Amino acid sequence: MDSTLISQTHRRGFLGRAAGAIALLAAGGVRGASAETPTAADGSPGDEWLAKITGKHKQFFDATTINEGFPFAFAMTFMNTNKLAYGLNDKDLTAVVGLRHFAIPMAFSDEIWKKYKIGEMLNVKDKSTGQPAERNIFAHPKDGDLMTPDMAVDKVMARGAMVTCCNVALTVLSGARAPVAGVTPQQALDDWKAHIFPGVVIVPSGVLAVNRAQEKGCTYCFAS
């Protein structure tokens, strides 16, 4: 059988399982993984990140796919062009990259990419090997990984960009990849949470984050 057809068949199978898991989660039927809403110390739904949306100009970059890392390139461009065109500094701006659906793996360490075969799942190749990536090429990239190294997750976050991660996608995707690593869905969820990049905020859902950010004054940019 043609290798491309095999890859497409495997991907369709994964997408089908993920869609089923989403439906079960919506119905409260996902077993073996906790899908509790992230909460702050005071019991609120973890909304402290919204208080940090303080820039004179604010934009939410809504990412549903990895899109070769361009959700972070768009945020980088937003900051760069505000400086070039208007002389504004990063502190004058608020860029929020909202990761949901199949975009969330950009927020996780190399350990997660290797253990759960994320490159294979999303057909992301490591240019240095020509094989499915076993590391997060979108953060701390090697030469040639990205169109420009300045669009790397870590570099954009270092400039003050905020990043949110959908808890629904986190629960579903980690659970769907649990068999690959030989762990339970709950173990996978705990593992992924332990290896999310510092500073990334887990929000109840990506679509909720879009809404709350817009209510805080962010304009909207579809980034994938």
request  = Can you check how the C-alpha radius of gyration of the stretch 70-224 compares to 2.2 N^0.38 Å, as a plain ratio?
outcome  = 1.07
task = Kindly identify the stretch 160-212 as rounded, prolate or oblate by the Cα gyration tensor criterion: order the square roots of the eigenvalues as a ≥ b ≥ c, call it rounded if a/c is under 1.5, otherwise compare a/b with b/c, prolate if a/b is larger, else oblate.
result = oblate
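Around LYS142, what is the net charge, scoring Lys/Arg as +1 and Asp/Glu as -1 over all other residues with Cβ under 12 Å from its Cβ?
-2
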task = Please work out the C-alpha center-to-center distance from the stretch 94-156 to the stretch 48-92 and express it in whole Å.
result = 19
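Enter the accessible area per residue of the stretch 94-224 (Å², integer; probe 1.4 Å; all protein chains in place).
I get 42 Å² per residue for this part.
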Principal axes of the stretch 98-182: Cα extent on each, largest first, Å = 35, 31, 17
key: Total lysine pairs whose alpha carbons fall under 23 Å of each other in the stretch 86-224 (8 or more apart, or interchain)   = 21
inquiry  = Only sites in a loop by DSSP and with at most 14 other Cβ atoms within 10 Å count here; which trypsin sites (Lys or Arg not before Pro) in the stretch 96-133 make the cut?
reply    = LYS127
key: Mean Cβ neighbour count within 10 Å, used as a protection proxy, ranking 209-219, 89-99 highest first   = 89-99, 209-219
query = SER128 to ALA51: extension gain in nm, 0.36 nm per residue of separation minus the Cα-Cα distance?
reply = 23.6 nm
remark   = Of TYR220, TYR86, ordered by accessible area with the largest first and a 1.4 Å probe, the sequence is TYR86, TYR220
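The values are calculated or read from the model by the stated rules, or taken from the named source; none is laboratory data. The structure displayed is predicted, hence computed values, not measured ones. Cβ: placed from backbone, ideal geometry, glycine included. Neighbour counts: every protein chain shown. Remember, those area values only see protein heavy atoms, side chains included, never the ligands or the DNA or RNA. Shrake-Rupley method; radii C 1.70, N 1.55, O 1.52, S 1.80 Å.
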